[in-house]
Amino acid sequence: MLEAAGVPFSVQEFHHEPGERNYGLVAAEALGAEPERVFKTLVANLHGERGVEQVVGIVPVSGQLSLRELAAALGGKRAEMCPTDVAQRITGYVVGGISPFGQKKRLRTAIDETCILFDTIYVSGGKRGLDIEIAPDDLVAVLDAVVAPIGTDR
């Protein structure tokens, strides 16, 4: 998807312990990057006029997703986290490795506005222990994403 779009990116691999659950902070440490620069891809259920649809929120691993702000950014009434099994089924990825790229079904996406503070950020490459470094502008363009204040500090 990124190569086809002609977007520059780099793939970063790192060791992931099978029992580790704090995927994002482990990734930041392994990559030697600030946690604010490493982003997690989360799937939510958005309730709106079209019923319920799954959407993606991409936020720094140092914070959390504001479901209220995600709903507002994507024009919904409210949002709730998508159950793990549903998120894995519709994206084709396991939790901790959900990538915004190459999902089984392309989902509408919002990215936290703090992404623009960095020349490049990291997002999951589709499995635990694999991240993609990419310029925020390129990420937004490839995903046709909305940039909005959807993240909160911990």
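The values are calculated or read from the model by the stated rules, or taken from the named source; none is laboratory data. Since the model is a prediction, treat every value here as computed from it, not as a measurement. Virtual Cβ from ideal backbone geometry, glycine too; neighbours counted across all protein chains shown.
Structural remarks
- Exactly one residue among V147, V123, V140 is free of Cβ contacts under 8 Å to residues at least 60 places away in the same chain and either within 19 Å of A4 (Cβ to Cβ) or out of contact with any strand residue (DSSP E or B) (no Cβ under 6 Å at 6 or more places or on another chain) (or both), and that residue is V140.
- The set of residues from region 98-115 being farther than 17 Å from D138 by Cβ and of a type in the set (A, V, I, L, M, F, W, C) comprises I98, L107.
- The condition of being crowded, with 16+ Cβ neighbours inside 10 Å and among the charged types (D, E, K, R) holds for only one of R106, R128, that being R128.
- Scanning region 135-154 for residues that are under 23 Å from V26 (Cα atoms), of a type in the set (A, V, I, L, M) and buried (at least 19 other Cβ atoms within 10 Å of the Cβ) yields L139, I150.
- The lone exception for I132 - which of (1) in contact with a helix residue (DSSP H, G or I) (Cβ under 8 Å, 6 or more places away or on another chain); (2) more than 21 Å from V26 (Cβ to Cβ) it fails: (2)
- Filtering region 19-52 to residues that are free of Cβ contacts under 8 Å to residues at least 60 places away in the same chain, assigned to a strand (DSSP E or B), surrounded by 17 or more Cβ atoms within 10 Å (Cβ to Cβ) and out of contact with any Leu (no Cβ under 8 Å at 6 or more places or on another chain) leaves only N45.
- Yes/no for D85 being of a type in the set (D, E), within 23 Å of Q12 (Cα to Cα) and at pLDDT 95 or above: no
- Checking each residue in region 12-35 for being of a type outside the set (A, V, I, L, M), touching a Phe, Trp or Tyr at 6+ places or on another chain (Cβ under 8 Å) and modelled with pLDDT of 90 or more picks out only Q12.
- Matching residues in region 64-86 - criterion: being crowded, with 19+ Cβ neighbours inside 10 Å and either of a type in the set (D, E) or not in a loop (DSSP other than H, G, I, E, B) (or both): L65, L67, E69, L70, A71, A73, A79
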